[in-house]
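Can you keep this structure in mind? I'll have questions shortly.
The values are calculated or read from the model by the stated rules, or taken from the named source; none is laboratory data. None of the values given here were measured: they were computed from a predicted structure. Please note: Cβ atoms are built from the backbone with ideal geometry, for glycine as well, and neighbour counts cover all protein chains shown.
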Amino acid sequence: MSKQVLSGIRVLDFGRFIAAPWCGAILADMGADVIRVEKRSGGEDRFVQPVSDTGDGATFLQCNRNKRSMTLDTTTDEGKAILRELIATADVVLVNMPDAALEANALDYAAVRAVKPDIIFANALGFGRGGPYSNRVAFDGIGQVMSGGVYRSGTPEQPMRSVVPYVDFGTALSLAIGISMALYHRERTGEGQSVEAALLPIALMMTNGMVIDQAILDSNRGRVGNAGTAAAPCDLFQVKDGWVLVQIAGQPMFKRWCRLVGAEDWFEDERFKDDESRAANSKLLNAEMQSWCADMTLADMLAALEEARIPAGPLYSPQDVLDDPHVKAMGFLKDMNYPGLPRPAPVVETPFRMSETPGELYRRAPTLGEHTDEVLGELGLDMERLVDLRKIAVI
C-alpha cells in the first residue's frame, strides 16, 4: 500500500451492518488503520447473506475490506482495561449502538474522551439525538419509509421501498465526511469532538426536493411507478430483448426526442411547453415512446438514443453488471479472494477517485479475530498473556 492521505490515523471500528462499517471501509481505503473489534462469536452483520463456507456474508466482504479484526469482550473488567489501552492509541472510535449498550461497554463519548481527550467519536444513529424517536431502533428501510420517498415510489395500489439500502450507504458516506472534517479541525486546534450521522436526516436529504414541493405547493403528488415525477417522457420502456430507462428533461432534449420519434409538431404544443407540463401529460408521452421502441432491439434503441444525446440505460441484472465492458474497463469491481469462497469476490472500489492519493483495496475482509494477537501484541501483550485472556474468554 502506498502512502495515503489518512496514513497514520487509527480507527477502532465497533460498527455493525452497513452505516458504520462502510464508513470505516472508506477510511481504510484512504490509508487509515481500521481495527474491527468484534465479540468472540462475531458481529451479527458478519453472517448476513452468507456466500462463503465459513458463513461470512456478501455485504460484509464489501464493508470490511482493508480492515484488521480482533475479538474482545468489553463487558468484562479485563476487556474494559484492554479497551482503554486501545482507545489511548486511536484517533477515531466508530460505533452504531444504542446509548445503553455504549455505556455498558464503556464506549460512550464521555468514557472514551476520558481516556483520549482529543478523540473523534463517530456514531451512526437511527434518528439522531434529542427527539422523541431518539431511542428507537432503526434500519435503512425505516429511513426510507419515514422520509416521504417510499410514499412516492411504486404503483398507486402498492408503495415500494428500495431493496438497495441507499440510506445506510448515504449515512456511511456522510459520517466519513464528518470524521474527515473533525480530523481537519483537530489538526488545526488540537480539539476532538463527537460526530453523528443518522438514517432519517440522511433520507430526508435525498427526498428534500419532494418535501419542499409539498410545503410550498401543497401538491400531494402520488405514486407513478417508474415514470418521471418532474419531466417526461421518462419511464422504463420494453423492447424485444429487454428494458431501457429513458429520462428527458429540458426543452433542448425534448426537441431532440421529438425529432427522433417523428413528433416535431409537439414543439409548440401547449401541453408540452415545459417540464412541468410534460410531467402532467406523461402518460401520453410515455405511450408514444413505448410505441416507437416496442419492435426494436436493446442495442438498436440504445444506439439511436445515444446518437440523439438522450440519457438512457439498459435494465441490468447483477450478472449483466459483472459482464458490462465499461465496468470492466474502469475497474469499478476488484477481485478479492476470501477463505471459503469458490472464486474471488468482486468488491467495489473506493466510490470516488483522487489523482494524488487515491483509495486502494489492499487487504480482503478479515476472518473473525484474524489480527487479535497482532493488535494486542502492538500494545505490548506477550503470548503468555494472550493465552490467559483466551482461557478466561476475554478474546
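Looking at this structure, is P233 within 22 Å of K273 (Cα to Cα) and modelled with pLDDT of 95 or more?
Judged against the criteria, P233 is a match.
Moving on. Output yes when any residue across the range 48-69 is assigned by TED's automatic domain parsing to the domain that holds N96, assigned to a strand (DSSP E or B), under 23 Å from A393 (Cβ atoms) and under 19 Å from the mean Cα position of the chain (by Cα), and no when none is.
No - not one qualifying residue is present in the range 48-69.
Something else: Can you find, within the range 211-223, the residue that is surrounded by the most Cβ atoms within 10 Å (Cβ to Cβ) among those that are touching a Ser or Thr at 6+ places or on another chain (Cβ under 7 Å) and either over 22 Å from L200 (Cα atoms) or in contact (Cβ under 8 Å) with a residue 40 or more places away in the chain (or both)?
Among residues in the range 211-223 that are touching a Ser or Thr at 6+ places or on another chain (Cβ under 7 Å) and either over 22 Å from L200 (Cα atoms) or in contact (Cβ under 8 Å) with a residue 40 or more places away in the chain (or both), the one surrounded by the most Cβ atoms within 10 Å (Cβ to Cβ) is R223.
Taking the range 87-127, which residues are closer than 30 Å to M206 by Cβ and surrounded by fewer than 16 Cβ atoms within 10 Å (Cβ to Cβ)?
P98, D99, A100, A101
Results for (1) more than 19 Å from A32 (Cβ to Cβ); (2) touching a strand residue (DSSP E or B) at 6+ places or on another chain (Cβ under 9 Å); (3) surrounded by 13 or more Cβ atoms within 10 Å (Cβ to Cβ); (4) not basic (K, R), shown as yes or no for each residue.
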site: L315; (1), (2), (3), (4): yes, yes, yes, yes
site: L368; (1), (2), (3), (4): yes, yes, yes, yes
site: H371; (1), (2), (3), (4): no, yes, yes, yes
site: D382; (1), (2), (3), (4): yes, no, no, yes
site: V387; (1), (2), (3), (4): yes, no, no, yes
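Still on this structure: Would you pick out the residues in the range 240-272 that are assigned to a loop (DSSP other than H, G, I, E, B), more than 19 Å from A308 (Cβ to Cβ) and either modelled with pLDDT under 95 or among the acidic types (D, E) (or both)?
D241, E268, D269
So which of N135, N105, N123 is among the polar types (S, T, N, Q) and at pLDDT 95 or above?
N123
Sort out which residues of the range 1-28 are of a type in the set (F, W, Y), in a loop (DSSP other than H, G, I, E, B) and more than 18 Å from D108 (Cβ to Cβ), and write them in order of number.
F17 - this is the single residue of the range 1-28 that is of a type in the set (F, W, Y), in a loop (DSSP other than H, G, I, E, B) and more than 18 Å from D108 (Cβ to Cβ).
Which of the residues that make up the range 155-175 are of a type in the set (G, A, S) and surrounded by fewer than 16 Cβ atoms within 10 Å (Cβ to Cβ)?
The answer is S162, and nothing else.
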